[in-house]
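Working notes, beginning with the structure itself.
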2 protein chains.
Amino acid sequence: MSCKEMTLFYSPASPFARKVIVLLHETRQLDNVELFDVQLSPVSPSGDVIARNPSGKIPALELANGDTLHDSRVILDYLDHQHGGEPLIPRDGAARWQRLTLASLADAILDAAILIRYETFLRPKELHWPTWLDAQQEKIERGLAELETQAASDRLQCFNIASIGIACALGYLDFRQPQLGWRARFACLASWYEDVSQRESMRSTQPPA
Amino acid sequence: MSCKEMTLFYSPASPFARKVIVLLHETRQLDNVELFDVQLSPVSPSGDVIARNPSGKIPALELANGDTLHDSRVILDYLDHQHGGEPLIPRDGAARWQRLTLASLADAILDAAILIRYETFLRPKELHWPTWLDAQQEKIERGLAELETQAASDRLQCFNIASIGIACALGYLDFRQPQLGWRARFACLASWYEDVSQRESMRSTQPPA
């Protein structure tokens, strides 16, 4: 559906899609991918996406041969195998699973933040469940505390798969929970995020205002 | 916390943990792992788990060096690097991302089924949202239709990372939605599942009655 090699189905507000675009930037593959913007929510799926990914979720990456890859982790893994630079996901060794576990924690923070968004934005107000919202928010707080420990011990230095996930998770928290005030409680993480936010890959992929 | 090399925090009812135990069976690594049964839900987390995985989710795999890996995909990837047999996740090539995408679809079916479970089992009845439940159920149905296509074209033959995910997803549907009747609509998938259910790895990891 494009003269480019691949088509990424995404939304500028999706933090999972943002991870993919940040990796495309960092590995200089952006020119190979057509970006196809879709509107969707869990209760109003996109026909364009469903036709390629039955789960209905974005990001989904259509390849030149017509196959479509999903979800974000699979796409990140694929794209990290397609460039000639240092892999952002080490191919083996302890660093591989340490970084993937941190990336998984970032995804868990995102999952919790997105469930909060669905509850407060999509679900009718009279059906909100405060216990659920509190539990998801506590998960985010525990995740941020762990990331603070990582940042404080300088374990987030290079911009790899874990850093991309963490940066996109923090960006999503700022986007959807601007009142959270996490920087006051997690100063090392805030300093790290301030730094990585200057990268072109992060500046050019900020969620819509 | 054990004389074995690794400790897996799990629950017999968790389909994500089941994937890990099935892979341990299939790759003959079960003897290396102590199974630690935990009780938890999103609104009542386990202290044992949170101490090792701030997201509070299972499965979580504690290694001999004290590091803990999560979530299920990261653990599966790790364990698939620790045995000498044919990898269940191909290390490279088109088959790698085709299988990981199918495994991701199985996870998406599980995520939808688990969200339905949380809504109908945990959330107070007066706060249920039928539109949400319908949307999750439709996602499951679309996923099953895609898996039927895969089964009909014999693309699920060997028991690899995709097959493990799909088999555990179908097992979870039978466990939590015994009334679903998916076999009548997806006959090839039913036949495939009947076959793989005979494997020792599947028989010995069935969810509790």
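Points to keep in mind about this one:
- The lone exception for B:D107 - which of (1) within 9 Å of another protein chain (Cβ to nearest Cβ); (2) buried (at least 16 other Cβ atoms within 10 Å of the Cβ); (3) without any contact (Cβ under 8 Å) to a residue 40 or more places away in the chain; (4) charged (D, E, K, R) it fails: (3)
- Scan of segment A:1-33 for residues that are out of contact with any Pro (no Cβ under 7 Å at 6 or more places or on another chain), more than 26 Å from A:E86 (Cβ to Cβ) and loosely packed, with under 15 Cβ neighbours inside 10 Å, ordered by number: A:M1, A:S2, A:C3
- Of all residues in segment A:144-153, one or more are at pLDDT below 95 and either touching a helix residue (DSSP H, G or I) at 6+ places or on another chain (Cβ under 9 Å) or under 26 Å from A:I21 (Cβ atoms) (or both).
- Of the residues making up segment A:71-85, those that are within 8 Å of another protein chain (Cβ to nearest Cβ) and in contact with an Asp or Glu (Cβ under 9 Å, 6 or more places away or on another chain) are A:D71, A:R73, A:H81.
- Total residues in segment A:33-53, condition among the polar types (S, T, N, Q), within 16 Å of A:P12 (Cα to Cα) and not in a loop (DSSP other than H, G, I, E, B): 1
- Residue match in segment B:123-144 (condition: within 11 Å of chain A (Cβ to nearest Cβ), farther than 26 Å from A:H70 by Cα and acidic (D, E)): yes
- Qualifying residue in segment A:48-70 (condition: touching a residue at least 24 places away in the same chain (Cβ under 8 Å) and over 21 Å from B:A106 (Cα atoms)): yes
- Segment A:71-84: number of residues that are at pLDDT 95 or above and either assigned to a loop (DSSP other than H, G, I, E, B) or surrounded by fewer than 16 Cβ atoms within 10 Å (Cβ to Cβ) (or both): 4
- Selection within segment B:54-70 - part of a loop (DSSP other than H, G, I, E, B) and either within 8 Å of another protein chain (Cβ to nearest Cβ) or over 20 Å from B:I21 (Cβ atoms) (or both): B:P54, B:S55, B:G56, B:K57, B:N65, B:G66, B:D67, B:H70
- Boolean, B:G47 is among the small types (G, A, S) and either within 28 Å of B:M6 (Cα to Cα) or facing chain A (nearest Cβ under 8 Å) (or both): yes
- Here the condition is being of a type outside the set (A, V, I, L, M), surrounded by fewer than 19 Cβ atoms within 10 Å (Cβ to Cβ) and within 30 Å of A:L127 (Cβ to Cβ); of B:Q206, B:Q179, it holds for B:Q179 alone.
- Odd one out for B:L88, checked against (1) in a loop (DSSP other than H, G, I, E, B); (2) away from chain A (no Cβ under 12 Å); (3) surrounded by fewer than 17 Cβ atoms within 10 Å (Cβ to Cβ): (3)
- Selection within segment A:159-183 - over 8 Å from A:A106 (Cβ atoms) and of a type in the set (V, I, T): A:I161, A:I164
- Helices (runs of 4 or more DSSP H) contained in segment B:107-209 and holding at least 2 residues over 29 Å from A:S72 (Cα atoms): B:182-185, B:187-196, B:200-203
- Subset tally (residues that are of a type in the set (S, T, Y), touching a residue at least 24 places away in the same chain (Cβ under 8 Å) and within 14 Å of another protein chain (Cβ to nearest Cβ)) for segment B:25-44: 1
The values are calculated or read from the model by the stated rules, or taken from the named source; none is laboratory data. This structure is a prediction, so every number in the text was calculated from the model and none was measured. When we count neighbours, we look across all protein chains shown, and the Cβ atoms used for this are built from the backbone with ideal geometry, even at glycine.
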